[in-house]
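See structure below.
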Amino acid sequence: MGEHVTTPRIDYQALFAATPSPYLVLGPDLVIIDVNRAYLTATGRTREDLVGQYLFDAFPDNPADPGADGVQNLGSSLRRALRSKEPDTMAVQKYDIPVADKSGVFEERWWSPINTPVLGPDGQVAWIIHRVEDVTAFVLSHPSRPRGGGGLNKWEVMESELYARARELQGLNEELRQAHAREREVAVTLQEAMLYSPDLARHRDVAVRYLPAAGSLNVCGDWYDLVDLADDGCAVAVGDVVGHGLEAAAVMGMLRSALSAAVRARQEPAKALEVLGLYARSVEGALATTAVQVFIAPRSHRITYSSAGHLPPVLVHHDGTVDLLDQATDPPLGARPQHVPRPQAELSYTPGDTLVLYTDGLVERRGEDIDAGLHRLTDALARFTRLSPQRLADAVLARLGVSAGARDDIALVVLRL
């Protein structure tokens with residue numbers, strides 16, 4: 001019989017204590033929770049001096065240095081890490097520290113810090129790891145310093161330039177962060193305005209999710225919409241404009257509005273998509289857009305739908321079985337040179353069934369057949385079908401590994417019929 005190999009249990013507390021780089025662990029309130037030996041050695045402090053202390057009470061600015069800005073710079077970095085939930089690397093900092101056994105006396109120190117947030121199960125920042133490297137000896141070392149004489153030698157000039165450039169870089173980084181924050185705020189406001197569905201608020205059994213492509217601004221060319229119709233019916237749609245970013249979002253806004261108006265006028269999904277297709281020919285960047293439009297008639301328990309090259313919606317039944325709405329699929333918008341009537345199909349549902357519409361970012365993976373992604377989706381829906389629409393939407397995103405976004409944009413609508 002072969003030997004049974006087991007991985008030894010790792011004592012992470014011992015690893016943290018022995019790590020040669022100085023580390024602090026801070027809470028979101030910037031109170032020191034833990035500290036390793038290297039940090040105590042670097043600062044000449046004890047655990048009792050630091051643990052439980054507010055960071056800037058333990059390490060205030062040097063009152064004898066009118067230009068001291070260590071507290072301001074470190075505080076800004078920590079707040080950025082809390083907001084962005086991403087590591088924040090700082091330029092080399094002059095941050096003098098109090099001498100442990102001499103009240104009111106500070107020692108000149110230079111540090112290279114990085115602040116890394118650690119997220120808890122709820123996705124919020126639970127701790128911040130503050131790692132520093134003491135570079136004081138490097139900054140203050142001058143191997144060629146002449147003994148006596150006036151003026152700056154080449155090492156002092158180099159040090160001065162290095163520090164000035166580091167400070168300039170930090171200032172430019174802060175300006176870029178602020179500009180990006182303003183740009184993102186504008187993008188979020190724009191996207192929320194374009195995706196606003198006044199009728200959606202009246203439907204408690206509908207969950208919508210919108211995730212832009214990872215690494216992009218909070219805008220994309222995917223959309224969803226819900227429109228109330230006569231006889232207590234409603235129309236729900238999703239669509240996908242080719243491309244990402246503000247240009248795709250602008251095209252999306254025009255197409256979404258046009259389809260929403262067509263739905264109210266034509267009262268048939270195929271006719272509404274025909275109108276949208278004609279309109280798309282006059283909108284630059286709209287060709288090859290896909291969309292699916294579904295009408296729901298609660299009195300007759302019927303679903304009527306039509307698709308312009310879009311992936312099929314899924315109807316999930318009580319018992320976990322699923323139907324793909326794939327019997328009325330036509331090419332994307334503008335794909336035909338001449339107008340051709342679009343197909344339309346219908347099927348019945350049982351109250352309590354769940355209808356799911358989505359865009360391709362949810363299921364498509366590079367180098368994989370689309371059927372594999374559809375299988376993952378239907379498997380997840382069958383597994384979690386008894387959840388509420390809100391919980392089902394989150395469970396599907398998690399099951400398909402895209403809760404934090406994917407390479408492509410994602411729009412998802414979950415409607416309990």
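Dipole of segment 205-359 (Lys/Arg Cβ +1, Asp/Glu Cβ -1, origin at the Cα centre): which of Ala249, Pro212, Leu229 lies farthest to the positive side? Of the options given, the answer is Ala249. Atom-type composition of the exposed protein surface of the chain places 53 percent of the accessible area on carbon and sulfur (1.4 angstrom probe). Taking amide H positions as modeled 1.01 Å from N, with prolines and chain starts lacking one, the residues under 5 Å from Val238 and 5 or more places away or on another chain are Val292.
In order along segment 16-32, the Karplus-derived 3J(HN,Hα) couplings, from 6.51 cos²θ - 1.76 cosθ + 1.60 at θ = phi - 60°, round to 4, 5, 8, 4, x, 7, x, 10, 10, 10, 10, x, x, 8, 6, 8, 6 Hz, and Gly and Pro are given as x. In the chain, the ratio of gyration radius to Kirkwood radius, Rg to Rh, stands at 1.14 when only Cα atoms are counted.
For segment 267-390, pairs of C-alpha atoms spaced more than 22 angstrom apart make up 41 percent of the total. Take the Cβ atoms of Ala17 and Asp371, set R0 to 60 Å, and the FRET efficiency comes out at 0.70.
Relative to its residue count, segment 62-131 spans a Cα convex hull of 95 Å³ per residue. Among Glu108, Glu346, Glu274, the largest mean-square fluctuation in a Gaussian network model of the chain, built with springs joining Cα atoms closer than 10 Å, belongs to Glu108. Each residue of segment 335-417 gets 134 Å³ once the volume of the Cα convex hull is shared out per residue.
Over every pair of different alpha-carbon atoms in segment 19-71, take the mean of 1/r and invert it; report that Kirkwood radius in Å. Averaging 1/r across every pair of different Cα atoms and inverting gives 11.8 Å. Over all distinct Cα-Cα pairs of segment 98-142, the Kirkwood formula returns a hydrodynamic radius of 13.3 Å. In the chain, the DSSP-assigned H stretches of four residues or longer account for a calculated mean residue ellipticity at 222 nm of -11000 deg cm²/dmol, using -39500 (n - 2.57) per stretch and the full residue count as denominator.
Partner aspartates and glutamates whose Cα lies under 16 Å from the Cα of Lys94, excluding those fewer than 8 positions away in the same chain, are identified as Asp61, Asp65, Asp69, Glu107, Glu108, Glu133, Asp134, Glu156, Glu159, Glu161, Glu168.
Sequentially through segment 306-315, phi angles give Karplus couplings (6.51, -1.76, 1.60; θ = phi - 60°) of 8, 10, 9, x, 9, 5, x, x, 10, 9 Hz, Gly and Pro residues having no value and appearing as x.
Rolling a 1.4 Å probe over the protein heavy atoms gives the chain an accessible area of 53 Å² per residue. Rounded to the nearest 0.05, the FRET efficiency derived from the C-beta distance between Ser257 and Leu324 at R0 = 22 Å is 0.15.
When the Debye formula is applied to the Cα atoms of segment 5-138, each taken as the same point scatterer, what base-10 log of I(q)/I(0) results at q = 0.19 Å⁻¹? Per q value, in the given order, log10 I(q)/I(0) is -1.16.
The values are calculated or read from the model by the stated rules, or taken from the named source; none is laboratory data. This structure is a prediction, so every number in the text was calculated from the model and none was measured. Cβ: placed from backbone, ideal geometry, glycine included. Neighbour counts: every protein chain shown. Ligands, DNA and RNA are stripped out before the accessible areas are found, and what is left, the full protein with its side chains, is counted by its heavy atoms. Shrake-Rupley method; radii C 1.70, N 1.55, O 1.52, S 1.80 Å.
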